[in-house]
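The values are calculated or read from the model by the stated rules, or taken from the named source; none is laboratory data. In this text the structure is predicted, and so the values were computed from the model without any measurement. Because the Cβ atoms are built from the backbone with ideal geometry, glycine has one as well, and the counts that use them run over all protein chains shown.
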C-alpha cells in the first residue's frame, strides 16, 4: 500500500512536469443544491492524467534501467504518458496498443517518439505481448495501473483537489484498471479528509464493481469490456494492488450507461466548453443521471480524466439529439 510520504514524493517529482490542473466551477442548469467542479486533467500536456503515474514510475528507475528502454501496454492515454515521460528522461519507449485504438491516440504516441506494436482488443492480450517483448529485449515494464509508483503518481490529483477545495465532500473518479481511482482515494483518505470518494465505470465494463462486491478481483470477458464507448475503461479486471487500495479507501462504485456517457460528453462540450473523451465524461454522467445514488454533497468534484476524443466521435455526439 502507498503512504502519504509516497504521494508527496511523487508530487515533488512531478513539479514543473505535470500541470496542477484547475477546478472549474460548472454553472449549468443541473448545478443546483450544491457546488459542482470539474478537475480538467484534459489540460495536461498529453491531454490526460496518465502523465502523472508514467513520469513518476520512469523517474524512479535507475539510470541503468532507463538505458534498457521501457515498454507498456495501453489503449492510448497511458501510451502517451509513457512516451512523453520516456522522451523527457532519455529512454526508449515501446508501446503495445490495440489496433482499434482511436487514431488520434496512436498518432500522438508516435509523434512523441514511441514505437508501436499493434495487437487485438483484449487488455490481457496487450499485457501478455508486452511481457513477452520485455523478456526478449530486456525492457523495463511500466504497468498502466497495477504498480505502487503509478498509483502514487495518479494520486497527486487527489492532493491537488484538497489543496484547492479543502471542504470537498464528494470526489467522483473513473475506474478502468484502477490506477487513478486507487491513487485519488488513497490521497483523500490518507490526508485526513472526510470526503467520500466514489468510482464510476461503464455498466458494460463493471469489473471493479463486481470485484468489490465479491471481495476478490473479478475478470470479465474482453467481448463485454470492448462494448463500451469508453475505450480507456475497457479493462477486463482491475489490478491486484489497485483492488487492495480500493477495498480500503473507496466509498462505492456507480455504473453508467452508454447513452449517458455520450450525453455527458455533449454537456461538457456545450455547457462547460470542455473536450472530454468518453472515459473522461463517465464521472459527469454519474452526476447528471445518478445523483440519488451518490448522496447529498455541498461540494462535489468530478475528475475529467482525459480529453483525447476522436474528432469523428465528437461530431457524432454533437449531432445526436
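Determine, yes or no, whether residue 34 is surrounded by fewer than 21 Cβ atoms within 10 Å (Cβ to Cβ), at pLDDT below 95 and touching a strand residue (DSSP E or B) at 6+ places or on another chain (Cβ under 8 Å). Judged against the criteria, residue 34 is a match. For segment 205-233, a tally of residues being in contact (Cβ under 8 Å) with a residue 60 or more places away in the chain, part of a helix (DSSP H, G or I) and touching a strand residue (DSSP E or B) at 6+ places or on another chain (Cβ under 9 Å) returns 3. Scanning segment 116-142 for residues that are touching a helix residue (DSSP H, G or I) at 6+ places or on another chain (Cβ under 7 Å) and modelled with pLDDT of 95 or more yields 139, 140, 141, 142. For the subset of segment 298-319 comprising residues that are under 20 Å from residue 161 (Cα atoms) and out of contact with any helix residue (DSSP H, G or I) (no Cβ under 9 Å at 6 or more places or on another chain), which member is surrounded by the fewest Cβ atoms within 10 Å (Cβ to Cβ)? Applying the filter and picking the extreme gives 298. Name the residues in segment 175-204 that are surrounded by fewer than 20 Cβ atoms within 10 Å (Cβ to Cβ), farther than 21 Å from residue 284 by Cβ and touching a strand residue (DSSP E or B) at 6+ places or on another chain (Cβ under 8 Å), would you? Correct list: empty. Restricted to segment 255-271, and to residues there that are surrounded by 19 or more Cβ atoms within 10 Å (Cβ to Cβ) and in contact (Cβ under 8 Å) with a residue 60 or more places away in the chain, the residue that is nearest to the chain's Cα centre (by Cα) is 268.
Going residue by residue through segment 234-246, is there one that turns out to be assigned to a loop (DSSP other than H, G, I, E, B) and touching a strand residue (DSSP E or B) at 6+ places or on another chain (Cβ under 7 Å)?
no
In summary, residue 129 fulfils each of the numbered conditions (1) within 26 Å of residue 220 (Cβ to Cβ); (2) not in a helix (DSSP H, G or I) with the single exception of condition (2).
Regarding segment 275-288, can at least one residue be identified that is surrounded by fewer than 24 Cβ atoms within 10 Å (Cβ to Cβ) and in a strand (DSSP E or B)?
no
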